[in-house]
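Right, one structure below, let's go through it.
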Amino acid sequence: MRRSRAFIPTTKEAPSDASLASHIYLSRAGFISQVASGLYSYMPLAKRVIKKIENIINEEMAKAGAEEVELSFVTPAALWQESGRIEKFGKELLRFRDRKENLFVLGPTHEEMMVDMVRNRITSYKQLPINLYQIKTKFRDEARPRFGLMRGREFIMKDGYSFHASIADMDREFDAMETAYKKILTRLGLDFRIVEADSGAIGGSGSKELMVLAGSGEDTIAVCSKCEYGANVEAAKRSGRVSIPEAPVAEFNKFKTPDIKTIEDLENFFKVDGYYTMKCVAKRAVYEEDSEIVLFFIRGCDTLQEVKAQNATGALDIVDVSEEELCELGLIAGFIGPLEQDKAKHVIDIDLKDAKNMICGANEEDYHFVNVDMSVLGQAYFADIAAVNEGDSCPYCSGKLSFTKGIEVGHIFKLGTTYSSTLKAEFLDENGKAQPFVMGTYGMGVSRLVAAVIEQHHDEDGCIWTKETAPYMVNIMISNIKETAQVSLGEELYEKLQARHVEVMIDDRKERFGFKMKDAELIGFPYTIVIGKELENGLVQIFDRKTKESVSVNKDEVFDEIMRLL
RNA sequence: CGGGGUGUAGCUCAGUAUGGUUAGAGUACCUGGUUUGGGACCAGGGGGCCGAAGGUUCGAGUCCUUUCACCCCGACCA
């Protein structure tokens, strides 16, 4: 492509609302253009990057034996009613009616559509397994889109769905997809981690997220210092504390603790570590029909992990409760304990099971119990509800957990029969018996990957595209287009590189050297061949965007040299 | 969905407290000239329904009302 003819509107200044590097540079370098909140148009450079990412996905999916399809973007609301997700998704589903007043939604994900396509067409175990995917625009009417391509309302996603006759076969495919996704992200040149995740409302027996490590990521993940373990904090497990403080010595007793309501107060009053105190976090668990107050008990040094808490109760949502609501139940905030009290449902953190030497509220104003032995609560309901802390020990080895930030670029689920059951998608097994398909689903955010690459590969001058993602690999910069020798060498290289199918840009604009260099750095071509002053001595320079180093090369050797680098 | 903020030239923003020339700057763009290794310089030029609609006033970018859009913090996010 000739830069003089290309539509690449670069600017010196970023839109005032952009804060993320990817948002700033993709805007400044003329990749994307915002049209409304969460809606972006892809300009030529972005379109090229997207195609490259899609090609890599297609190649790896083909190797893994998945077939590409394309489902319609406009989906009948009836399918969403059938699966029950029209309520679950709520306002995120963009709904509208056609001229005949039939209700439709813009597809935010395509489980229903895919199941609908397969059901009644795949009817025997002999036709299984199959794995179908598409790369397509999705729409979710997010309450708050932000960060450019990172969280748009309209975005491009690769979504794959596999159908199996057994759980074992689904597990096998799940692992195969994990491997394929690893290859894709590795080829894209990304530093990533595969972590255990909360399956959320989609359900299923397990899920993993693919996290691109970046400080600007919206997710916090806990990773082990020694082994491969990593998990989203929403799902992270631990085996307890690495070092346990010395236990206080006391007899079981009810102790007067006037106006001692917070964990900090307790620590100071009893001169004891928060580890040996117990706090109660009261929440209202909201179910489809009704709601109830649930008391979550965790160690004083821990915090409640709300996603875990929600999963433990099976609630659709958990919300805060006021002191007045607790009062109505006869509970006094600051003095609530799990002993001798059944005014509300209890959920106790698993780390408190059989804990000894504990201090907890006595359910009486200004009184706490000391030296409580939790094993007396034999039948109580224990669950993992506490957030892991940095420094907690790994659930699988002796390593320590630490936190890092990640961008969720993929999420793979073992769905099981969740959708096939409700949508009545069945096949006949070896015994001629109807069975719902066992399914897996595999998502990868394509447009988000564009942003993720830049989050991980940029500097103060702009984008640094990796070899597999660069919109153009080589930029030929003619310093002064009035110098015919420079022009003719540039044109010659341009022809030769094109003949070898190298993606090449030639900057033939009537601009000064500095202007063109800044522009090339902002766009982020991996290599720029600078044809300039040194040509008098038979030399040109190859500028490496990543290292910002230039090496002088004889003009007759530059073609071979650049081909060697690619 | 709660709280906050901003809408003036393609872009970044002044101007609005206290209403009053023809609404400004930088940048980008066009013309001519000089420059040509790190976003050049000089001269000239085009470009605005001051987000929209109502109102107050002799007079509104500026005051009042309504509304729309966008952004930020939070809640939410298969």
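Quick notes
- Accessible surface of region A:16-162 [probe 1.4 Å, protein heavy atoms]: carbon and sulfur percent: 46 percent
- Computed over Cα pairs, the Kirkwood radius of region A:291-422 leads via Stokes-Einstein (1.306 mPa s, 10 °C) to a diffusion coefficient of 92 µm² per second.
- For region A:515-566, trypsin sites (Lys or Arg not before Pro) meeting the loop criterion (DSSP other than H, G, I, E, B) and having at most 11 other Cβ atoms within 10 Å: A:LYS548.
- Charge dipole of chain A about the Cα centre (unit charges at C-beta), most positive-ward option of A:PRO129, A:ALA387, A:SER447: A:SER447
- Share of pairwise Cα separations in region A:474-565, more than 21 Å, in percent: 20 percent
- Relative contact order computed over region A:474-565 (Cα-Cα under 8 Å; 6+ residues apart), in percent: 29 percent
- The C-alpha atoms of chain A occupy a region whose extents along the principal axes are 95, 64, 45 Å, arranged from largest to smallest.
- Of all beta bridges that DSSP places with both ends in region A:253-383, some 75 percent have antiparallel geometry.
- Qualifying chymotrypsin sites (Phe, Trp or Tyr not before Pro) for region A:309-403 [loop in DSSP, other Cβ within 10 Å: at most 14]: A:TYR381, A:TYR396
- Per-pair calculated FRET efficiency, R0 = 25 Å: A:THR10 and A:ASN480 via Cβ, rounded to 0.05: 0.80
- When only Cα pairs below 8 angstrom with a gap of at least 6 residues are kept, region A:221-366 shows a relative contact order of 24 percent.
- All lysines inside 17 Å of A:LYS47 as judged from Cα atoms, apart from same-chain residues fewer than 8 positions distant: A:LYS136, A:LYS138, A:LYS158, A:LYS467
- Looking at chain A alone, DSSP beta bridges between its own residues are antiparallel in about 80 percent of cases.
- Using a probe of 1.4 angstrom and keeping all protein chains present, the accessible surface of chain A works out to 46 square angstrom per residue.
- Kirkwood hydrodynamic radius of region A:70-207, Cα pairs, Å: 17.1 Å
- Kyte-Doolittle mean at least -1.0, axial Cα span of 18 Å or more - DSSP H helices of chain A: A:44-63, A:167-187, A:484-499
- By the rule of a C-alpha distance below 19 Å, with chain neighbours fewer than 8 residues away ignored, the aspartates and glutamates paired with A:LYS356 are A:GLU246, A:GLU251, A:GLU267, A:ASP273, A:ASP302, A:GLU340, A:ASP373, A:ASP384.
- Sparse packing (at most 13 other Cβ atoms within 10 Å of the Cβ) combined with a DSSP loop state is found for the following GluC sites (Glu not before Pro) in region A:65-173: A:GLU70, A:GLU101.
- Only the Cβ atoms of Lys and Arg (+1) and of Asp and Glu (-1) were treated as charged; on that basis the dipole of region A:1-124 about its Cα centre amounts to roughly 720 debye.
- Whole-number Å³ per residue for the convex hull built on Cα positions in region A:400-448: 141 Å³
- Protein heavy-atom surface of region A:253-383, 1.4 angstrom probe: 45% of the accessible area is carbon and sulfur, with nucleic acids and ligands not counted.
- Chain A: relative contact order in percent, alpha carbon pairs under 8 Å with at least 6 residues between: 17 percent
The values are calculated or read from the model by the stated rules, or taken from the named source; none is laboratory data. Small disclaimer: the values here were computed from a predicted structure and weren't measured. Don't worry about glycine lacking a Cβ; one is built from the backbone with ideal geometry, like all the others, and counts go over all protein chains shown. Heavy atoms of the whole protein, side chains included, go into the accessibility calculation; ligands, DNA and RNA do not. Shrake-Rupley method; radii C 1.70, N 1.55, O 1.52, S 1.80 Å.
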